[in-house]
Amino acid sequence: MSDFAHDLPKAELHLHIEGTLEPELMFELAQRNGVAVPYTSVEEVRAAYVFTDLQSFLDIYYAACDVLRTEADFHDLARAYLERAAAQGVRHAEIFFDPQTHTARGVPFADVVGGIHRALASSDISSRLILCFLRHLSPEDAMATLEEALPHLDLIDGIGLDSSEVGNPPGRFADVFRRARELGLFAVAHAGEEGPPSYITEALDQLAVRRIDHGVRCIEDDGLVERLARDRVPLTVCPLSNVRLAVFPSMADHTIGELLDRGLCVTVNSDDPAYFGGYVGDNYRAIADELGLDRDQLVTLARNSFEAAVLEPAERAQHLEALEAFLRAG
Ligand code: HPA
Ligand code: ZN
């Protein structure tokens, strides 16, 4: 069951490209760019990846981004992700990037988006690119970032909201989300990872998002669970991330099975795979092994991933047909 889960054709909808920076590539880019890193070996880096909450992760994650300087760096980062993802059944990926983390260091917006796009364009995996605003920064900073993105909107499909959740409710970003939606971008937002269920409601009501990233804390509000089920609002759940960031004490405590049983459009994703111990197939494997999800549930998760993706009807049908062909062959 575990290999079946790992290999299932699937879409990945919650993936921060900066979170795919493996320690080996970090050292390679540090050397290429003459940037100092505070580690002496790959083992030392991995040993530092022990987190107590979201912020303890974000501090290390933003620091590591310092090695990313050039268009080629962003290309190589995205290329490495796509190769790993393809080996774990990913047929379609909707990828987040955090431009503010890079433009604040003087890296041109065009190099960030151009490098990522060049890798996406040469891959067999279909893809969408999602610009995430950092919610620990101001709404004005987010609006300025959207303005900076305007010359590159042909390469950008959606917007998201990430970084430190508690104390930074979605409603702060209502204006910039409205402007982005007017520009034709689709909207998603992280909500209900560490923050309360009310942040999920706020993201739906004030940001008009089509998916909720994480969203696992919806389970504390029965009315909200019913709303999410009725409206088929997808949740992009990230099991290994949730355990590493102590959203759940262990995988055995994860509520993804219950969310599925309650009729939600749940999907499985890797979030920041270089930091959390695995790519998306590894996440499917972990819930199959440690939560005992059965074949039907795993197939539902894969089907949901294509349902929740931002695809044209013909593209969606093709991906779903490839999934059915895989199931017939197995
Ligand atoms: N939550 C919030 N911000 C993030 C995450 C996350 O899981 N990963 C990268 N930035
Ligand atoms: Zn995330």
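The values are calculated or read from the model by the stated rules, or taken from the named source; none is laboratory data. Fair warning: this is a prediction, and the values are worked out from it, not measured in the lab. Virtual Cβ from ideal backbone geometry, glycine too; neighbours counted across all protein chains shown. Side chains are part of the model used for accessible areas, which takes the heavy atoms of the whole protein and leaves out ligands, DNA and RNA. Shrake-Rupley method; radii C 1.70, N 1.55, O 1.52, S 1.80 Å.
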Cross-chain or 6+ apart pairs with Cβ under 6 Å, region 126-153 first and among the basic types (Lys, Arg), then within 16 Å of ligand 1 (Cβ to nearest atom): Arg128/Glu94; Arg135/Leu161; Arg135/Ser163; Arg135/Asn168
Which listed residue, of Glu22, Glu18, Glu83, is within 17 Å of the chain's Cα centre (by Cα) and within 15 Å of ligand 2 (Cβ to nearest atom): Glu18
Which listed residue is in contact with an Asp or Glu (Cβ under 8 Å, 6 or more places away or on another chain), within 16 Å of ligand 1 (Cβ to nearest atom) and polar (S, T, N, Q), from Thr101, Thr145: Thr101
Within region 253-330, helices (runs of 4 or more DSSP H) holding 2 or more residues that are out of contact with any Asp or Glu (no Cβ under 8 Å at 6 or more places or on another chain) and open to solvent by 10 Å² or more (accessible area, probe 1.4 Å): 256-261, 280-291, 295-308, 313-329
Matching option when the condition is modelled with pLDDT of 95 or more, open to solvent by 30 Å² or more (accessible area, probe 1.4 Å) and closer than 23 Å to Val310 by Cα, among Glu182, Glu140: Glu182
Qualifying positions in region 204-253 - within 14 Å of ligand 2 (Cβ to nearest atom) and either among the hydroxyl-bearing types (Ser, Thr, Tyr) or modelled with pLDDT under 95 (or both): Thr236, Ser241
One residue from Leu185, Leu224, Leu207, Leu161 being within 14 Å of ligand 1 (Cβ to nearest atom) and in contact (Cβ under 8 Å) with a residue 24 or more places away in the chain: Leu161
Region 59-100: number of residues that are outside any helix (DSSP H, G or I) and surrounded by 18 or more Cβ atoms within 10 Å (Cβ to Cβ): 13
Residue match in region 180-187 (condition: assigned to a loop (DSSP other than H, G, I, E, B) and in contact with an Asp or Glu (Cβ under 6 Å, 6 or more places away or on another chain)): no
Residue match in region 214-236 (condition: open to solvent by less than 10 Å² (accessible area, probe 1.4 Å) and on the phi > 0 side of the Ramachandran plot): yes
Among (1) more than 20 Å from the chain's Cα centre (by Cα); (2) closer than 18 Å to His136 by Cα - the single one Thr70 does not satisfy: (2)
Test for Leu155: is it open to solvent by 10 Å² or more (accessible area, probe 1.4 Å) and either in contact with a helix residue (DSSP H, G or I) (Cβ under 7 Å, 6 or more places away or on another chain) or not hydroxyl-bearing (Ser, Thr, Tyr) (or both): yes
Region 237-252: number of residues that are within 14 Å of ligand 1 (Cβ to nearest atom), surrounded by fewer than 24 Cβ atoms within 10 Å (Cβ to Cβ) and not in a helix (DSSP H, G or I): 3
